[in-house]
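Enquirer: Take this structure first; my questions come after.
The values are calculated or read from the model by the stated rules, or taken from the named source; none is laboratory data. Not measured: the values here are computed from a predicted model. A quick note on method: Cβ atoms are made from the backbone with ideal geometry, for glycine too, and the neighbour counts reach across all protein chains shown.
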Amino acid sequence: MDPARALLGIWFDDQDVAAMRLPDKNVCVDCDAFCEKACVNSGRVPIRQLMNELYEKVRPEAEIHMPDDEERLKCDLCGVPLENPFLLSSSVVASTYDMCARAFEAGWSGACFKTICSLDIHEASPRFSAIKGDNGSIIGFKNIEQLSDHSVAENMEIFRKLKKNYPTKFILASIMGQDEAEWESLSGLCEENGADAIELNFSCPNMQEDGLGSDIGKVPELVERFTRAAKRGTTIPILAKLTPNVATMSPAAEAALRGGADGIAAINTIKSIVGVSPYTYVSAPAVKGQSAVGGYSGNAVKPIALRFIAEIGQNSKLKGMHISGMDGIETWRDALEFILMGSCSIQITTAVWLQNNQ
Ligand SMILES: Cc1cc2nc3c(=O)[nH]c(=O)nc-3n(C[C@H](O)[C@H](O)[C@H](O)COP(=O)(O)O)c2cc1C
């Protein structure tokens, strides 16, 4: 048997499926649990007890019908087919060819690539910080990361290679222009180089310069103007990615619709300060003794994200717009909650990052 896979199922709230995938006979009964010693948390995870619970408590009650294939997960993003609703969101987990290729091989239907711009980006290090629960697991995650530090030409080459090698996967190109002409030209370039749709980053909370990112998302007139500019450059669907750093999202979403957007992506990360040191008076992450307000994501912010998704989903003026929901999704149940509130596709960063780095 594969206890690692079953443990992953338990961690991700998926006990029923984990129990149904165990071998018919409970092999843990006559085993000396060498897996517990081999575990990276040696001796601290009661694997045999957990497996026995799956056999004795969960399995008799599980009524899961396991589909033979994943056909039922098929959906679309503004008419473009998706193998399933799950995309990597634009960030540190979707910023190179290899990251996206690995995700595609693992079954993700696509990726929203790290925001492309023509700014000269120099990232600070460290640029992440986290709030942990009593058991050490990460609840909330703060970042002060900016945009892609590859040139536009390098990113276009990545798009071409991804499209060539993974023609059925969905490339959502996240872009940020500095004026109307650049929003227009970037959206056109992304289409020419293989993107299936464009996401307009009106919501990055970490921009070094004023007048970009969430500074745009807060002003409906700017959202409308730059959406219209991006729309002029392309024929593929456009999503406006909106900021939660506002009281209500509807004014910006309605402005995006007026500008020609086909959908809304929400939410981007929430402006935050975490971990103020009582010794240095600096918050985390500190870089050369200084820090900055940064974007907060992870499971802690899910309730806030759901509130915004519901607001957009219930707004009758936005009827028919695609909603790509995100922020705080870790398990299939989290994803289902976003779908029930109106999301048609799902994007994830922090849980993916933590899976690979914790
Ligand atoms: C390290 C990091 C970098 C990010 N970079 C971008 C970015 O370049 N563009 C963007 O639109 N959103 C960016 N985001 C926001 C994510 O795309 C997304 O909105 C949010 O993180 C999703 O919530 P989750 O991380 O809880 O799944 C970033 C998030 C993180 C954690």
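Enquirer: Would the range 72-95 turn up any residue that is under 30 Å from the mean Cα position of the chain (by Cα) and modelled with pLDDT under 90?
Expert: yes
Enquirer: Just for helices (runs of 4 or more DSSP H) wholly inside the range 186-305: which have at least 3 residues that are crowded, with 19+ Cβ neighbours inside 10 Å and touching a residue at least 40 places away in the same chain (Cβ under 8 Å)?
Expert: Ranges flagged: 220-232, 250-259.
Enquirer: Mind listing whichever residues of the range 109-143 are crowded, with 23+ Cβ neighbours inside 10 Å, of a type outside the set (S, T, Y) and not in a strand (DSSP E or B)?
Expert: C117
Enquirer: Which members of the range 343-358 meet the condition of being more than 12 Å from the ligand (Cβ to nearest atom) and either surrounded by fewer than 21 Cβ atoms within 10 Å (Cβ to Cβ) or assigned to a helix (DSSP H, G or I) (or both)?
Expert: Those that are more than 12 Å from the ligand (Cβ to nearest atom) and either surrounded by fewer than 21 Cβ atoms within 10 Å (Cβ to Cβ) or assigned to a helix (DSSP H, G or I) (or both): C344, N356, Q358.
Enquirer: When only residues in the range 331-348 that are charged (D, E, K, R) and at pLDDT 95 or above count, which is nearest to E254 (Cα to Cα)?
Expert: Looking at the filtered set, the residue picked out is E337.
Enquirer: Taking the range 176-185, which residues are acidic (D, E) and assigned to a helix (DSSP H, G or I)?
Expert: Within the range 176-185, E180, E182, E184 qualify.
Enquirer: In addition: Out of the residues in the range 261-289 that are of a type in the set (V, I, T) and within 15 Å of the ligand (Cβ to nearest atom), which is farthest from the chain's Cα centre (by Cα)?
Expert: V287
Enquirer: Scan the range 1-46 residue by residue and report those that are over 30 Å from the mean Cα position of the chain (by Cα), part of a helix (DSSP H, G or I) and under 27 Å from R333 (Cβ atoms).
Expert: C35
Enquirer: Can you tell me which condition P126 does not meet? The list is (1) out of contact with any Gly (no Cβ under 9 Å at 6 or more places or on another chain); (2) closer than 22 Å to A305 by Cβ, and all the others hold.
Expert: Here P126 clears every test but (2).
Enquirer: Let me ask you something else. Could you tell me whether A173 is small (G, A, S), touching a residue at least 24 places away in the same chain (Cβ under 8 Å) and part of a loop (DSSP other than H, G, I, E, B)?
Expert: It is false that A173 is small (G, A, S), touching a residue at least 24 places away in the same chain (Cβ under 8 Å) and part of a loop (DSSP other than H, G, I, E, B).
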